[in-house]
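Data block below; observations after.
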Amino acid sequence: MAFVLPERSISKGPNFIRDVFERGAGIPGFISFGIGNPAGEVVPVAEIQAAFDYIVHTNPLEILQYGPMQGDAKLAEQTLHRLVHVHHMPTQNQQLLLSIGAGQDLGLVPRTVCDAGDEVYMDAYTFTSAINAVRSVGAKAVGIPTDGDGMIPEALEKAAKSGKGKYIYLIPNFQNPTGITMPLERRKAIYEIAKAYDLFIYEDDPYGEIRFGGERVPTFKEMDTDNRVLYAGSYSKTISAGLRVGFLYGPSEVIQAIQVMKNNCDGQMPLVTQRVVSHLLEHIDYDEQIQKVCKVYQEKCHVMLDTFRQYGSSKVHLTEPTGGMFIWMTLPDHVDCDAFFEEAIARKVGIVKSGAFAADGVPYGQHFRLSYTVPSLEDIRKGMQIIGELTREYCGD
Ligand SMILES: Cc1ncc(COP(=O)(O)O)c(C=O)c1O
């Protein structure tokens with residue numbers, strides 16, 4: 001039988017991230033700046049092993065049953081406590097839903113709130129899954145131009161005038177793929193536009209706690225005076241991505257609808273992994289664990305930038321993140337970025353073409369995403385020397 005798939009289910013464009021992975025796989029000495037995984041050395045392996053041991057040997061039948069739809073009660077309480085007491089988020093009319101990473105929320109939110117033809121505003125280059133999740137429900141992922149401070153309010157307002165907008169998707173801290181953090185004044189301006197055009201804000205913040213420089217900026221959710229912000233967070237980058245535990249926090253009526261959608265699509269979260277995270281939060285110093293992650297990423301990020309400064313072209317711009325996992329490299333307009341990419345692969349370094357992150361209406365662009373988390377310091381030095389020298393060959397000194 002020939003399946004006829006609806007347009008919304010057919011992926012649009014090539015998969016540049018998988019491309020890097022496949023091209024590098026099995027090549028000895030290949031250095032990949034393409035993988036967006038957390039570093040292995042920051043995962044608290046022994047503590048997670050001890051937590052699993054404890055959990056499977058204490059009341060095993062409890063965790064081997066279905067859990068509550070909204071997630072494990074204790075982990076929900078610990079998560080909420082941190083959101084309210086450490087991150088100063090409002091409590092009135094709010095609800096928390098534990099989810100399979102923050103990633104699950106990317107699918108649940110548009111599936112719950114969008115009708116076909118709705119528009120969702122997002123940074124011109126943003127997290128691929130967020131773009132695809134919006135497209136997959138027949139809504140339009142509209143790319144809004146950005147500058148060094150993130151989404152440009154005037155450009156957002158221009159798009160919002162269509163009257164078709166449903167929400168604004170933002171990664172305000174250490175954006176994936178650009179590494180940019182939106183300053184406070186910009187956040188306030190975006191919030192005002194959300195108010196004026198009655199849009200809600202989907203604040204995706206899986207990297208928010210991985211800050212290794214600059215000043216903390218209040219989240220949209222902290223400043224959410226009229227309850228229009230859905231905030232997604234995750235334990236993937238601070239504890240372990242494989243446990244798949246994240247959460248969504250926001251207006252009760254929206255979270256309730258999302259919970260029903262989750263129930264219908266996926267059922268409950270596994271209790272085992274939630275209890276592991278909960279056990280860890282109780283038995284380790286979580287802030288100290290976050291500091292460990294920050295320290296490792298700070299060093300890797302600085303080595304990446306310093307090596308580029310030593311070998312790279314002055315015509316090429318690199319963002320200088322103050323946290324998170326990514327640097328965004330921009331080449332001059334005249335450079336053939338496909339040829340540049342091919343040559344990088346030929347010299348055994350993987351980087352991701354900006355087309356991977358382009359929302360609707362956005363050109364594939366003259367940029368590349370570089371992730372510094374997984375490779376060793378030595379590989380970052382080697383790989384960035386190669387990339388740096390390549391930029392001189394393609395762009396001049
Ligand atoms: C912006 C953004 N949102 C969400 C996620 C999903 O994270 P997780 O599902 O592991 O919490 C990622 C992961 O790379 C991300 O970069």
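The values are calculated or read from the model by the stated rules, or taken from the named source; none is laboratory data. Source: prediction; values computed, not measured. Here the Cβ is made from the backbone with ideal geometry for all residues, glycine too, and neighbour counts use every protein chain on show. With ligands, DNA and RNA removed, areas are computed over all heavy atoms of the protein, side chains included. Shrake-Rupley method; radii C 1.70, N 1.55, O 1.52, S 1.80 Å.
For SER371, only one of the following conditions fails: (1) under 29 Å from GLU41 (Cα atoms); (2) open to solvent by 20 Å² or more (accessible area, probe 1.4 Å). What is its number?
So the condition that SER371 fails would be (2).
At least 2 residues that are within 16 Å of the ligand (Cβ to nearest atom) and in contact (Cβ under 8 Å) with a residue 40 or more places away in the chain in each: list the helices (runs of 4 or more DSSP H) lying fully within the range 1-99 that qualify.
Helices (runs of 4 or more DSSP H) meeting the threshold: 16-24, 73-81.
Filter the range 274-324 down to the residues that are over 21 Å from the mean Cα position of the chain (by Cα) and more than 19 Å from THR391 (Cβ to Cβ) and list them by number.
Those that are over 21 Å from the mean Cα position of the chain (by Cα) and more than 19 Å from THR391 (Cβ to Cβ): ARG275, VAL276, SER278, HIS279, LEU280, LEU281, GLU282, HIS283, ILE284, ASP285, GLU288.
If PRO206 passes every condition in (1) in contact with a Lys or Arg (Cβ under 6 Å, 6 or more places away or on another chain); (2) over 19 Å from GLY40 (Cα atoms) but one, which one does it miss?
The one condition PRO206 does not meet is (2).
Would you point out the residue of the range 176-188, among those that are part of a helix (DSSP H, G or I) and over 29 Å from ASP115 (Cα atoms), that is nearest to the ligand (Cβ to nearest atom)?
In this case the residue turns out to be LEU184.
How many residues are within 13 Å of the ligand (Cβ to nearest atom), of a type in the set (D, E, K, R) and in contact with a strand residue (DSSP E or B) (Cβ under 6 Å, 6 or more places away or on another chain) if we restrict to the range 194-244?
The number of residues fulfilling the criteria is 3.
Do we find that ASP306 is of a type in the set (Asp, Glu) and without any contact (Cβ under 8 Å) to a residue 12 or more places away in the chain in this structure?
yes
Here's the yes/no breakdown for (1) within 27 Å of PRO183 (Cβ to Cβ); (2) open to solvent by less than 10 Å² (accessible area, probe 1.4 Å); (3) in contact with a Lys or Arg (Cβ under 7 Å, 6 or more places away or on another chain):
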| residue | (1), (2), (3) |
| --- | --- |
| VAL316 | yes, no, no |
| THR319 | yes, no, no |
| MET325 | yes, yes, no |
| LEU331 | yes, yes, no |
| HIS334 | no, no, no |
| PHE341 | no, yes, yes |
| ALA344 | no, yes, no |
| ARG347 | no, no, no |
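Out of LYS262, LYS237, I need the residue that is assigned by TED's automatic domain parsing to the domain that holds ASP105, open to solvent by less than 10 Å² (accessible area, probe 1.4 Å) and more than 17 Å from ASP53 (Cβ to Cβ). Which one?
Step by step, each of LYS262, LYS237 is checked, and only LYS262 is assigned by TED's automatic domain parsing to the domain that holds ASP105, open to solvent by less than 10 Å² (accessible area, probe 1.4 Å) and more than 17 Å from ASP53 (Cβ to Cβ).
How many residues does the range 194-216 hold that are surrounded by fewer than 19 Cβ atoms within 10 Å (Cβ to Cβ) and under 17 Å from PRO183 (Cβ atoms)?
Of the residues in the range 194-216, 4 are surrounded by fewer than 19 Cβ atoms within 10 Å (Cβ to Cβ) and under 17 Å from PRO183 (Cβ atoms).
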